[in-house]
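The structure appears below as structure tokens.
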Amino acid sequence: MQLRYSFRLHPTVGQCKSLARAFGCARVVWNDALRIRQDAHVAGLPFPKSADLSKSLITQAKKTPEREWLSDAPVGVLQQSLRDQDQAWRNFFDSVKGKRGGPKIEPPRFKTRRDNRQTARYTRSDRWSITGADRLRLPKVGDVKVTWSRRLPSDPTSVTVIKDPAGRYWASFVVETDPAADLLPEVGADCGIDLGLTHFAITDRGVKVDSPRFLRRAEKKLKKAQRELSRKVRGSRNREKARVKVARAHARVANARRDWQHKLSTRLISDNQAVYVETLSVAGLGRTRLAKSVHDAGWSRFVGMLEYKAARYGRTLIRVDRGFPSSRLCCACGHNTGAKPLSVREWECPYCGTRHDRDVNAARNIRTEGRRIRAARQQHIPGDVPALTG
């Protein structure tokens with residue numbers, strides 16, 4: 001299983017300049033290759049291969065006065081820029097042909113120095129290393145100070161240096177992990193979860209986790225910082241300082257939300273052998289009047305955390321179809337009692353007389369449907385029985 005580990009870098013002023021040159025060289029090679037491929041498409045010529053582009057845009061270009069400064073960046077960074085573009089084109093073509101699921105992917109676009117996020121990927125050919133002093137040694141940059149928050153489970157083959165919109169530098173490693181080393185001992189419990197806005201998560205046991213609303217709590221400071229940015233003259237240094245201030249404020253909100261979701265998802269995966277959640281249309285809800293609250297909740301990222309942690313620790317995550325009427329069914333007798341407005345938080349079943357909390361009842365129905373889907377998969381029934389709709 002592949003996992004990504006990111007660590008904060010603390011480069012000096014000189015190292016920041018060296019990294020900026022590496023970012024710029026990789027960006028220029030990307031743009032030159034993209035322009036050649038677009039021109040070839042317009043002219044009806046074959047799609048240029050990366051090997052030919054590497055010779056013309058890197059090896060031969062370094063010998064010209066216009067591109068001799070490409071020597072300021074390691075050759076592996078420039079070649080990796082071409083490989084990344086190849087992958088971007090493959091993703092685009094697979095999306096057009098229907099081989100790739102999810103939303104449609106746009107073709108690669110030109111990069112600009114005004115992008116607030118810059119990246120450069122160093123491969124083994126660049127001979128980067130982690131020194132004995134726990135520093136990251138990068139070619140033509142030097143030994144960069146790193147805040148190591150944890151140990152890498154295995155030796156990485158590449159490192160991506162990222163400068164985010166807040167002006168922070170990160171070292172991102174993708175490493176292989178041993179699946180057997182991370183497995184947790186089996187437990188007999190399982191859990192159905194209903195996601196919401198007032199309460200972020202409601203379990204079938206009646207536990208309600210309040211939504212922290214990180215964006216709402218920081219909204220006043222964010223508005224103030226945004227007003228200060230709007231008053232600055234475009235292109236001025238003061239505007240750039242104000243932009244970084246806004247970016248850092250948003251980064252603090254995102255970091256707090258991500259940390260909280262990591263802790264909650266880890267606890268749920270550790271305490272339960274199987275977790276059942278409902279598939280939500282976040283994109284659709286994001287176009288309603290609840291858009292800000294929906295994006296503040298971060299349901300998609302949270303479910304993604306549950307998914308990869310379940311695979312890593314030997315647990316099971318079942319997604320229940322969004323068409324399943326979890327809020328309409330009575331968890332006691334199973335009758336469909338019809339749609340109810342969101343203002344109805346408690347209701348009584350007209351068939352069996354059971355009094356229900358709307359969210360807890362939905363979580364219990366999700367647990368029941370999740371158990372059914374799980375049992376069908378374990379019995380190897382061809383084609384899981386679809387979720388009930390109504």
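Worth pointing out:
- When each of R121, R137 is tested for being within 21 Å of the chain's Cα centre (by Cα) and part of a strand (DSSP E or B), the lone residue that passes is R121.
- Complete set of residues in segment 95-105 that are within 21 Å of the chain's Cα centre (by Cα) and outside any loop (DSSP other than H, G, I, E, B): S95
- All of L195, L184 fail the test of being touching a Gly at 6+ places or on another chain (Cβ under 8 Å) and under 26 Å from Q273 (Cα atoms), apart from L184.
- Summed over segment 129-145, the residues that are surrounded by 14 or more Cβ atoms within 10 Å (Cβ to Cβ) and polar (S, T, N, Q) give a count of 1.
- Checked against (1) of a type in the set (A, V, I, L, M, F, W, C); (2) farther than 30 Å from L152 by Cα; (3) in contact with a Pro (Cβ under 7 Å, 6 or more places away or on another chain), F47 passes all but a single condition, namely (3).
- P341 under 20 Å from V282 (Cα atoms), surrounded by 13 or more Cβ atoms within 10 Å (Cβ to Cβ) and at pLDDT below 95: no
- Pairs where the first residue, in segment 327-348, is in the same structural domain as D204 (by TED's automatic domain parsing) and the second is of a type in the set (D, E), C-beta under 6 Å, 6+ apart: E346/D357
Yes/no matrix, rows are residues, columns are (1) over 27 Å from N255 (Cα atoms); (2) out of contact with any Asp or Glu (no Cβ under 9 Å at 6 or more places or on another chain):
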residue: G101; (1), (2): yes, yes
residue: P107; (1), (2): yes, yes
residue: R114; (1), (2): no, yes
residue: R117; (1), (2): no, no
residue: R121; (1), (2): no, no
residue: W128; (1), (2): yes, yes
residue: V146; (1), (2): no, no
residue: R151; (1), (2): no, yes
residue: S154; (1), (2): no, no
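- In the set (1) of a type outside the set (K, R); (2) at pLDDT below 95; (3) assigned to a strand (DSSP E or B), L183 fails one condition alone, (3).
- Unmet requirement for D126, which otherwise passes all of (1) surrounded by fewer than 16 Cβ atoms within 10 Å (Cβ to Cβ); (2) without any contact (Cβ under 8 Å) to a residue 60 or more places away in the chain; (3) more than 17 Å from R8 (Cβ to Cβ): (1)
- Of all the criteria given as (1) surrounded by 13 or more Cβ atoms within 10 Å (Cβ to Cβ); (2) of a type in the set (A, V, I, L, M); (3) more than 23 Å from the chain's Cα centre (by Cα), the one not satisfied by A189 is (1).
- Residues located in segment 279-301, provided they are outside any helix (DSSP H, G or I) and closer than 25 Å to R367 by Cα: T279, L280, S281, G298
- Any hit, segment 313-320, residues being out of contact with any strand residue (DSSP E or B) (no Cβ under 6 Å at 6 or more places or on another chain), assigned by TED's automatic domain parsing to the domain that holds R355 and not charged (D, E, K, R): yes
- Condition met for W260 (crowded, with 16+ Cβ neighbours inside 10 Å and farther than 15 Å from D194 by Cα): yes
The values are calculated or read from the model by the stated rules, or taken from the named source; none is laboratory data. Keep in mind it's a predicted model, so treat the numbers as computed, not measured. Heads up, the Cβs are rebuilt from the backbone with ideal geometry, glycines too, and the neighbour counts pull from every protein chain shown.
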